[in-house]
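See below for the structure under consideration.
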Amino acid sequence: MVKKFIKKFYVGLILIFLYAPIFILIGLSFNKSKSRAKWGGFTLHWYKELFQNQSIMNALYTTLIIALLSALIATLIGTAASLAISNMKKTPRAILVAITNIPMLNADIVTGISLMLLFVAMRFTLGFSSVLISHITFNIPYVILSVMPKIKQLNPHTYEAALDLGASPIYAFFKVILPDIFPGVLTGFFLAFTMSLDDFVITHFTKGPQINTLSTKIYTEVRKGIKPEIYALSTLMFIAVLLLLILINRRNAEKK
Amino acid sequence: MTDNKLINLVNISKSYGENIVLDELNLYIRENEFLTLLGPSGCGKTTTLRIIGGFENPDKGQVIFEGKDISKLAPNERQLNTVFQKYALFTHMTIAENIAFGLKVKKKSKEYIKDKIKYALKLVNLDGFENRMPDSLSGGQQQRIAIARAIVNEPKVLLLDEPLGALDLKLRQDMQYELIRLKNELGITFIYVTHDQEEALTMSDTVVVMNQGYIQQIGSPEDIYNEPQNAFVADFIGESNILPSIMVEDKLVNILGANFVCVDTGFGVNKPVDVVIRPEDIDLVKPEEGIIKGVVTSLLFKGVHYEMEVKAHGHDWLVHSTDLVPVGNEVGIWVDPFDIQIMHKPESEDEEATQLDI
């Protein structure tokens, strides 16, 4: 009995530490008073303000477009790369897998500064396209990471069987290989999408003065002093990610 | 089976880096033949099959199919179909979609495809399985679907790469009968790869025994079993006693110091040879009636027969007999002349691998 209670208490404590900051934030987003210390009553005012704030809405739009495009392009490139890598001989394959893993382990700030230096050296104007290219770059390894295991699970003979039955290599790929590795491709896409949504450091160094994503926007706003709209925005982002997560988990559970 | 050569492999060589898999291999397959490539793993049998199917390109040599060189054609351009070792069914498609795959590629009409699926499922005794998924089928059923998927395309030749390797013994034996029946009903050529000598002997018209990239012997199952041409074939096909001997003269061979009458001629006088005697061809008789005498050293009950080892003239003779002789008893060994198979003795291991590939 006591043991059971302690177990539950312990789990509860962990959850409180994990989620208390977020709940405080959510609470504050509904606070009528501007003060962080005082509860002034419930309001949706900050949400209204948020949706009327053109620059935040622009940042949201940019963020979503970049996340979608970069995830899509990275998925295409990453899937093709995974197929090529898995068809390589053992040693070059091991080397290439290691090389694609490095960007994931590399500190964001190093990646960000290097990319910025590269763009400047090539006289590439910093802006939307430089951010997009950067996001594609750091997203590709995540796609490879989730697609490679699926390719490894493939029965190598199914592709040959398709060719044997008269299919062209392209037809065989779309009809036989892709359906089998698609769960991995989808995971890779979602992973890349969230990584792009999440990113602050690399975007910060490669965006130039013209555009802002949500994370860089929040950063500049916070420097001017935190406005409760930002709480509202953060709350909405949290809920969006939560819904996405539930959706993915549901899908996986149904599959099983 | 006709004498018409359907496939002709001419001087096929293949190596992976330093490793020579096939060396100047020549082989033809006749129309409507059940030909089996038999050998231990790494002997080149699967590579030979994959070269015929187009999944590997030979470094040298030609694959001639109905008089035309198809060496450069891609697998999807060849009139052959393959049944793979691990079935290789398309797991996200239903059984019907699996079987229809090749026909859809060839843009056959819906009616035609439907009829064909029905016909193929009936042929492999799996009527009504159209809407099942491959995962829900047993290994033997999946293998039959893989065969159905291949034969609806009406290939002239069906290539089978150890198709029964993953099945258990009972199922494997059932499937052997099934394959023979299918072959007879379809009237097409089968090229079969296996390392299981029993499978090869049971089903084939012709067995090709391979080792280290060389063909060791080509012949009917009876030839291969009864008249192995060298020690490798004798040892690989079934159990045998291989004894270094001296050919004294025609029809007389000296085995471990005792003279045995045999039926072979033309080996010369006092020439060293290898002798093969199958364990079931050795008769155990009373000590004074045998050609040589020995003592039973071990005894195992194998169901159909007893497996015994008899120590005689310094050699452990493997004997299969339905009569039991207890361990320690003295027995005589008798071998009928026609049960003694004489083989040329190879001078070296290299020669052993190459002597038949002239």
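General remarks:
- Relative packing of B:265-275, B:328-338, which averages over residues the other C-beta atoms within 10 Å, highest first: B:328-338, B:265-275
- Pairwise Lys count, the stretch A:56-225 - Cα closer than 20 Å, eight or more residues apart or different chains: 8
- Computed from backbone phi with θ = phi - 60° and the Karplus coefficients 6.51, -1.76 and 1.60, the 3J(HN,Hα) list for the stretch B:225-232 is 7, 7, 10, x, 8, 8, 5, 4 Hz; x is used for glycine and proline.
- The stretch A:163-199 versus the stretch B:189-263: alpha-carbon centroid distance in Å: 51 Å
- The charge dipole of the stretch A:56-225, taken about the Cα centre with unit charges on the Cβ atoms of Lys, Arg (+1) and Asp, Glu (-1), comes to about 280 debye, rounded to the nearest 20.
- FRET efficiency estimate (nearest 0.05) - Cβ-Cβ, residue B:176 to residue A:239, R0 51 angstrom: 0.20
- Spatial separation of Cα centroids for the stretch B:105-162 and the stretch A:48-67, in angstrom: 56 Å
- Counted as membrane-span-like here are DSSP H helices of chain A whose alpha-carbon atoms extend 24 Å or more along the helix's own axis and whose Kyte-Doolittle mean is 0.5 or above; these are A:2-29, A:54-86, A:128-153, A:178-198, A:228-255.
- In the protein assembly as shown, a dipole from Cβ-located charges (positive for Lys and Arg, negative for Asp and Glu) runs towards its positive end, and of B:230, A:45, A:140 it is A:45 whose Cα lies farthest in that direction.
- Using the Cβ-Cβ distance between residue A:200 and residue A:171 with R0 set to 60 Å, the FRET efficiency works out to roughly 0.90.
- Using only side-chain charges placed at the Cβ, +1 for Lys and Arg and -1 for Asp and Glu, the dipole size of the protein assembly as shown relative to its Cα centre rounds to 6740 debye.
- Of B:45/B:114; B:5/B:170; B:86/B:170; B:86/B:106, those spanning more than 29 Å from alpha-carbon to alpha-carbon: B:45/B:114; B:5/B:170
- Partners of residue A:48 within straight-line reach, counting aspartates and glutamates whose Cα lies under 20 Å from its Cα and excluding those fewer than 8 residues away in the same chain: A:221, A:229.
- The angle separating the long axis of helix B:139-151 from the principal Cα axis of greatest extent in chain B is about 60 degrees.
- Cα point-scatterer Debye curve for the stretch A:113-163, base-10 log of I(q)/I(0) at q = 0.16, 0.21, 0.26, 0.31 Å⁻¹: -0.61, -0.77, -0.96, -1.08
- Full-extension gain in nm, residue A:10 to residue A:101, via 0.36 nm per residue minus C-alpha separation: 29.2 nm
- Evaluated at q = 0.06, 0.08, 0.11, 0.15 Å⁻¹, a Debye calculation over the C-alpha positions of chain B (equal weights, vacuum) places log10 I(q)/I(0) at -0.29, -0.50, -0.84, -1.22.
- Think of the protein assembly as shown as having a plus end and a minus end, set by charges on the Cβ of Lys, Arg, Asp and Glu; of B:337, B:246, B:148, B:148 sits farthest toward the positive end of this dipole.
- FRET efficiency for residue A:84 and residue B:156, using Cβ-Cβ distance with R0 set to 51 Å, rounded to 0.05: 0.90
- The percentage of C-alpha pairs in the protein assembly as shown whose separation is greater than 46 Å is 45%.
- The trypsin sites (Lys or Arg not before Pro) of the stretch B:1-91 meeting both criteria, a DSSP state outside H, G, I, E and B (loop) and at most 14 other C-beta atoms within 10 angstrom of the site's C-beta, are B:72.
- Taking the Cα centre of chain B as reference, the dipole from Cβ charges on Lys and Arg (+1) and Asp and Glu (-1) amounts to some 2340 debye.
- Inter-chain neighbour count for B:77-84: the average number of beta-carbon atoms from partner chains within 10 Å of each residue's beta-carbon is 3.
- Whichever lysines have a C-alpha closer than 16 Å to that of residue B:286, once near sequence neighbours (fewer than 8 apart) are set aside: B:311
- The P(r) of chain A has a tail past 23 Å containing 64 percent of all C-alpha pairs.
None of the figures in this text is laboratory data; all of them are computed from the coordinates on show. These numbers were taken from a predicted model, which means no experiment stands behind them. Neighbour counts run over all protein chains shown; Cβ positions are idealised from the backbone, glycine included.
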